[in-house]
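Here's the structure, in structure tokens; my notes come after.
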Amino acid sequence: MARTLVITGSASGIGKATAALAEERGCKVIRVDLKEGDVKVDLATPAGRRALVEGVNELSGGKIDALIACAGVAVYTPLTLQVNYFGAIATLEGLRPFLAKGDTPRAVGVTSFASIMPSDPELVETLLKGDEAAALEMAPSKDPSVYYSSSKAAFARWMRRHSTSQEWVGAGILLNGVGPGMVVTPMTEAYVKDPVVRRSLDPAMPMPIGRDARPEEIGELLYWLSSPANSMMVGQIIFIDGGADATIRGDSTW
């Protein structure tokens, strides 16, 4: 029987490529995005997060086998915090009961190499407390350039903390994350094509492989992590970044 896989952010970039790959390999994919897909919701809002659960329930009968939380934005406004952190957590928590009924259930969150770039510790801690109102109130006092890295750092830490809990691995749901480097997508197009911005990014995200990633390359890892072939991996954030993590952190984690 085909596995049922929910993918948020499926209208473009990594999410779209992963959805196509999963369908080619026989999965039933429920596509979730803002304006396109099977479930059209705004994950920046509480109403949209509730609508996500309702829409997936209607299409799946309350049972799914895998979930990839891929939806994200990179803008210098608090929307980045609302989608990348609170929307992602609401996706994982809201659909967790559906995964618990699935066959060899797997969940994957898309964070970023930016999760190990400079972030704001106070903002990260506020996000991890789950206090969305406090985070949005705090945001204007922070440098907007750290919204993205802070949202991704908090998301990675949340996945690490919760993956080994009774609610996740205790229920047979293997939760992991991936941290892509620079990937050529509609979201990153402006950064990739602007030589000034690119020159500032390259030292912070050096990719010795010598090129940016294609969405399909990230999709292969996401698909594997969401499949039964991944039978032992729990709580890992896998950097798929052309060597950026190895360059920046080197031996520091050992």
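The values are calculated or read from the model by the stated rules, or taken from the named source; none is laboratory data. This is a predicted model, so every value here is computed, not measured. Heads up: the accessible areas ignore ligands, DNA and RNA and are worked out on the full protein's heavy atoms, side chains in. Shrake-Rupley method; radii C 1.70, N 1.55, O 1.52, S 1.80 Å.
Quick notes
- Distance between the C-alpha centres of the range 157-219 and the range 114-150: 18 Å, rounded to the whole angstrom.
- Diffusion coefficient, µm² s⁻¹, Stokes-Einstein with Kirkwood Rh over alpha-carbon pairs of the range 158-250 at 37 °C and 0.692 mPa s: 221
- Relative contact order %, the chain, counting alpha carbon pairs below 8 Å whose residues are six or more apart: 21
- Between V183 and A213, the built amide H atoms are under 5 Å apart, and every one of these is 5 or more places off in sequence or on another chain.
- Using alpha-carbon coordinates, inclination of helix 46-60 to the longest axis of the chain, degrees: 40
- Under 5 Å between amide hydrogens, built in the peptide plane, is the criterion, and for F239 it picks out G179 among residues at least 5 positions away or on other chains.
- Angle of helix 195-204 to the longest C-alpha principal axis of the chain, folded into 0 to 90 degrees and rounded to 10: 80°.
- Karplus-based coupling profile of the range 142-152, in residue order and whole Hz: 9, 5, x, 5, 9, 4, 5, 5, 5, 5, 6, with θ = phi - 60° in 6.51 cos²θ - 1.76 cosθ + 1.60 and x standing for Gly or Pro.
- Surface exposure of the chain, expressed per residue as accessible area with a 1.4 Å probe, stands at 45 Å².
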